[in-house]
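Below is one structure; the comments refer to it alone.
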Amino acid sequence: MKKIFYIIAISLFTVSCEDVIDVEVPNAAPKLVIDASLNWFDGTTGNEQKIILTLSAPYFNDEVSPANNAIVNIVDTNNNTFVFIEEGNTGIYSTNSFIPEIDQTYTLTITYDGEIYIATEILKSTVPVNSIEQNNEGGFTGDEIEIKAFYTDPANIDNYYLFEIQNPSLITPEFEAYKDEFVDGNEIFAFYSDENIESGDQIVIRNYGVSERFYEFMFLLLQQTQTDGGPFQTQPATVRGNCVNTTNPNNFPLGYFRVSQAFEVIYTVE
């Protein structure tokens with residue numbers, strides 16, 4: 001009886017304590033945020049591409065400001081130059097002349113606010129999804145729908161993959177990064193599970209080929225965003241991408257420049 005009373009007393013004390021605590025978050029100068037994910041989807045020419053430039057904001061801000069009036073272009077090793085033009089004042093820069101080529105090297109150059117940012121990446125190939133399996137009795141309680149997307153990894157080549165899952169019950173997509181270190185040349189699968197998936201839902205599954213450096217970047221980023229706060233989890237920190245400020249290295253940007261071949265499957269849940 002004493003133990004039960006003690007628990008109730010603590011619970012009442014917790015509920016009655018409603019002091020407002022003002023958290024002071026230090027303000028830093030805005031950084032350029034580069035969302036330059038160029039994807040060549042199977043069955044398309046890949047000529048239409050977009051790059052989104054924004055500015056970082058304080059933690060509690062709800063709005064993200066676009067980075068306007070930047071000069072954005074990409075040059076490949078064949079000396080083709082692709083100029084990206086801003087759409088109004090949106091911070092979205094687009095082109096309709098991009099030429100995707102597997103294993104081609106591309107260099108992104110951004111001039112913004114008197115400073116020059118540069119990044120280089122190689123367009124990486126990937127493989128399509130062979131088949132999809134569904135299990136309606138997944139999860140710890142057996143009431144989650146599990147989906148496995150099978151694909152065949154090319155043998156004797158180091159491959160890195162980014163899977164994107166779009167679920168109609170979620171506002172933002174979910175991502176998983178994979179590498180073939182222990183499964184080279186075999187058929188393997190990407191795994192997804194959600195208790196909110198229902199029969200008839202359409203799940204969009206996208207597979208991107210990525211570089212080793214991007215895999216490492218995304219792996220660290222996912223560890224931080226998916227952490228449960230355990231004592232052995234990676235602690236939150238700024239994850240640096242491959243974009244460099246050549247004018248002022250201390251004012252480094254956020255984000256990444258990625259160029260990928262991509263495949264997409266739309267799966268209807270049974």
Inset, instruction - Would you please give the FRET efficiency between A155 and V265, computed as 1/(1 + (r/R0)^6) with r the Cβ-Cβ distance and R0 = 25 Å, to the nearest 0.05? - result: 0.65
Inset, instruction - May I ask you to sort L38, L53 by Cβ crowding, counting other Cβ atoms within 10 Å and putting the fewest first? - result: L38, L53
Inset, instruction - Output ³J(HN,Hα) for segment 70-79: one whole-Hz value per residue in order, computed from phi by the Karplus curve 6.51 cos²θ - 1.76 cosθ + 1.60 with θ = phi - 60°, and x for Gly and Pro. - result: 7, 9, 10, 8, 10, 10, 9, 6, 8, 6
Inset, instruction - Would you mind ranking I147, I52 so that the residue whose beta carbon has the fewest other beta carbons within 10 Å leads the list? - result: I52, I147
Inset, instruction - Give the order of L55, L220 when sorted by the count of other beta carbons within 10 angstrom, beginning with the fewest. - result: L220, L55
Inset, instruction - Set the Förster distance to 30 Å, then compute FRET efficiency between D62 and L170 from the Cβ-Cβ distance, nearest 0.05. - result: 0.95
Legend entry - Length released on extending from T238 to D103, taking residue separation times 0.36 nm less the Cα-Cα span: 45.7 nm
Legend entry - Integer Hz, Karplus 6.51/-1.76/1.60 couplings in order for segment 202-215, x for Gly and Pro: 9, 9, 9, 10, 10, 10, 10, x, 10, 7, 4, 5, 5, 4
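Every read-out reported here was derived from the displayed coordinates using simple, explicitly stated rules and does not represent laboratory data. Computed from a predicted model, the values in this text were never measured in an experiment. No Cβ is skipped: glycine too gets one built from the backbone with ideal geometry, and neighbour counts run over all protein chains shown.
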